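Note sheet for the following structure.
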Amino acid sequence: MNNRLEALLKEIKKLEAELINEIENKKQLYSYEIIKRGILFKADVITQHRQKAERIWDYLRHAKFSNVATTPVIWLNLLPAVLMDISVSLFQYSCFPIYGIPKVKRSDYVVIDRQYLQYLNPIEKVNCMYCGYFNGVIGYVQEVAARTEHYWCPIKHASKLKTVHSRYHQFSDFGDADHYHQHLSEIRHQFDELKQPPQQ
């Protein structure tokens, strides 16, 4: 990897850390703390939130017909998401130890916590739980797939990608046959930063 690319990646990681810190600072602003993955708000904040929750009847009465009509289509995707969640988990737990790939921590991706928000009514809470689960599974599956691709086919694409996954920057350049064949074994095992505890 060239120096310019390394510098850009370091800058991206620095900005990501700053973003995470900024999000963490919101805990104080909105008066909550996380205790064993549960969210605890101050009592007066909970009271204020409950007063702002829209009643179910009002929520349904003001809902667009198209939003209500498409709800079954949205929820049909839950079954394939659950099946993918299970099959990908089985895959990584059975195959990653064989390949020497560090396992993806599912709980880093699948986060369901919006049900603690008392300004949401029960329908909104269920919808938010679904979105948190579905998007979390997609992120989790993408990371498992990224580590799998890193091991089996670490070659960048010739075409420009809209987004790239977490392992892509370590891949061999498209068309660089010498680098690929000379460094494949080395690239396949470049997971050191995942095996080390993150720096504080």
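The values are calculated or read from the model by the stated rules, or taken from the named source; none is laboratory data. Computed from a predicted model, the values in this text were never measured in an experiment. As a convention, Cβ positions derive from the backbone with ideal geometry for all residues, glycine included, and neighbour counts pool all protein chains shown. Each accessible area value is taken on the protein alone, full model and side chains, heavy atoms only, with ligands, DNA and RNA left out. Shrake-Rupley method; radii C 1.70, N 1.55, O 1.52, S 1.80 Å.
As a rough guide to protection, the peptides 133-141, 51-59 ranked by mean Cβ packing within 10 Å, highest first, stand as 133-141, 51-59. For the stretch 77-174, what does the alpha-carbon gyration tensor say about shape, rounded, prolate or oblate, given a ≥ b ≥ c as the root eigenvalues, a/c under 1.5 as rounded, and a/b over b/c as prolate? Prolate, since a/c reaches 1.5 and a/b exceeds b/c.
With θ taken as phi - 60° and the Karplus curve 6.51 cos²θ - 1.76 cosθ + 1.60 applied, the whole-hertz 3J(HN,Hα) list for the stretch 22-29 is 5, 5, 4, 5, 5, 4, 5, 4 Hz, x standing for glycine and proline. Per-residue ellipticity at 222 nm, computed for the chain from helices alone with -39500 (n - 2.57) per DSSP H run of at least four residues, works out to -20000 deg cm²/dmol. Think of the stretch 1-159 as having a plus end and a minus end, set by charges on the Cβ of Lys, Arg, Asp and Glu; of 100, 81, 117, 117 sits farthest toward the positive end of this dipole.
If you put +1 on each Lys and Arg Cβ and -1 on each Asp and Glu Cβ, how big is the dipole of the chain around its Cα centre, in Debye rounded to 20? Intermediate values should be presented prior to the final figure.
Details: 26 positive and 22 negative charges, 137 e Å.
Magnitude of the dipole: close to 660 debye.
Over the chain, accessible surface divided per residue gives 73 Å², non-protein components excluded, 1.4 Å probe. Look at the alpha carbon pairs under 8 Å that are at least 6 residues apart: their mean separation over the length of the stretch 124-200 gives a relative contact order of 27 percent.
The order of 82, 126 by accessible area, most exposed first and with a 1.4 Å probe, is 126, 82. Can you find, among 181, 154, 168, the residue farthest towards the positive end of the dipole of the stretch 122-185? Put +1 on the C-beta of Lys and Arg, -1 on that of Asp and Glu. Farthest towards the positive pole: 168. Charges were assigned to the Cβ only: +1 to each Lys and Arg, -1 to each Asp and Glu. The resulting dipole of the stretch 112-200 about its Cα centre is roughly 300 debye.
Where a ≥ b ≥ c are the square roots of the eigenvalues of the C-alpha gyration tensor, would you call the stretch 152-191 rounded, which needs a/c under 1.5, or, failing that, prolate if a/b is larger than b/c, or oblate?
The shape class here is oblate.
Counting only protein chain heavy atoms and rolling a 1.4 Å probe, the accessible areas of 148, 71 rank, largest first, as 71, 148. Overall form of the chain: prolate. Here a/c, set by the Cα gyration tensor axes a ≥ b ≥ c, is 1.5 or more, and a/b is the larger of a/b and b/c. Think of the stretch 1-57 as having a plus end and a minus end, set by charges on the Cβ of Lys, Arg, Asp and Glu; of 9, 34, 56, 56 sits farthest toward the positive end of this dipole. Across the chain, Cα pairs under 8 Å and at least six residues apart give a relative contact order of 18 percent.
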